[in-house]
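All remarks here apply to the structure that follows.
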């Protein structure tokens with residue numbers, strides 16, 4: 001039987017917030033400002049309608065956690081597996097908005113982010129595997145060798161995006177939009193020669 005959660009509602013937490021708050025807690029409509037979480041284990045927590053501003057999370061492990069409709073503003077996330085924040089739901093959407101965030105070595109596998117706007121963020125060596133990203137916008141985004149495998153990318157917008165690795169064979173791409181010359185990278189691995 002899971003432990004009872006401590007409820008925090010409408011509170012603001014800054015960089016001095018102790019790590020022991022991140023166990024068996026529910027945060028509703030809370031603000032996290034300038035927090036720096038490094039190599040922490042966040043366990044049995046819920047983050048509902050919370051805001052993260054200028055936070056840095058690195059190698060944080062989320063176990064039995066749920067994040068829903070978080071607003072992220074000018075944050076940096078390094079080595080985070082976002083799938084650990086969906087709880088038992090296969091369709092939970094952890095983010096409401098992302099503004100000016102940097103994602104490095106992050107794993108978005110299994111997330112349902114259809115129609116989501118990623119256009120004001122940057123990614124580097126991230127993994128998108130089995131994601132529902134139909135209609136999502138990566139317009140103008142630097143994806144820095146981020147890979148998409150077994151994803152639904154129908155109607156996704158990659159115009160002006162660069163640095164992505166998308167294989168034609170294992171992604172759904174109907175009506176997805178791309179720009180030249182980056183779109184040529186889609187042909188990599190097909191054996192086609194462009195001269």
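Reported count of residues in region 79-93, each being modelled with pLDDT under 95, within 20 Å of residue 143 (Cα to Cα) and surrounded by 20 or more Cβ atoms within 10 Å (Cβ to Cβ), is 1. Residues that are farther than 16 Å from residue 104 by Cβ and surrounded by 19 or more Cβ atoms within 10 Å (Cβ to Cβ) were ranked within region 53-67; the one that is nearest to the chain's Cα centre (by Cα) is 67. A single member of 179, 109, 97 is within 12 Å of the chain's Cα centre (by Cα) and surrounded by fewer than 15 Cβ atoms within 10 Å (Cβ to Cβ), and it is 97. Hey, can you tell me all the residues within region 1-12 that are surrounded by 13 or more Cβ atoms within 10 Å (Cβ to Cβ) and modelled with pLDDT of 95 or more? Across region 1-12, the qualifying residues are 8, 11. Does residue 43 meet the test of being surrounded by fewer than 19 Cβ atoms within 10 Å (Cβ to Cβ), closer than 24 Å to residue 122 by Cα and not assigned by TED's automatic domain parsing to the domain that holds residue 128? When the stated conditions are applied, residue 43 does not pass them.
So that you can scan it fast, the table gives a plain yes or no per residue for (1) closer than 20 Å to residue 95 by Cβ; (2) in contact with a helix residue (DSSP H, G or I) (Cβ under 9 Å, 6 or more places away or on another chain); (3) part of a strand (DSSP E or B):
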{"position": "3", "(1), (2), (3)": "no, no, no"}
{"position": "7", "(1), (2), (3)": "no, no, yes"}
{"position": "16", "(1), (2), (3)": "no, no, no"}
{"position": "20", "(1), (2), (3)": "no, no, no"}
{"position": "24", "(1), (2), (3)": "no, no, yes"}
{"position": "43", "(1), (2), (3)": "no, yes, yes"}
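Hey, could you check region 15-35 for residues that are at pLDDT below 90 and surrounded by fewer than 15 Cβ atoms within 10 Å (Cβ to Cβ) and say which is farthest from residue 53 (Cα to Cα)? Only one residue fits best here, namely 20. For region 144-160, the tally of residues that are buried (at least 18 other Cβ atoms within 10 Å of the Cβ) and either at pLDDT below 95 or closer than 18 Å to residue 81 by Cβ (or both) stands at 3.
The values are calculated or read from the model by the stated rules, or taken from the named source; none is laboratory data. Nothing here was measured: the structure is a model prediction, and the numbers come from that model. So basically every Cβ, Gly included, is an ideal-geometry build from the backbone, and we count neighbours across all protein chains shown.
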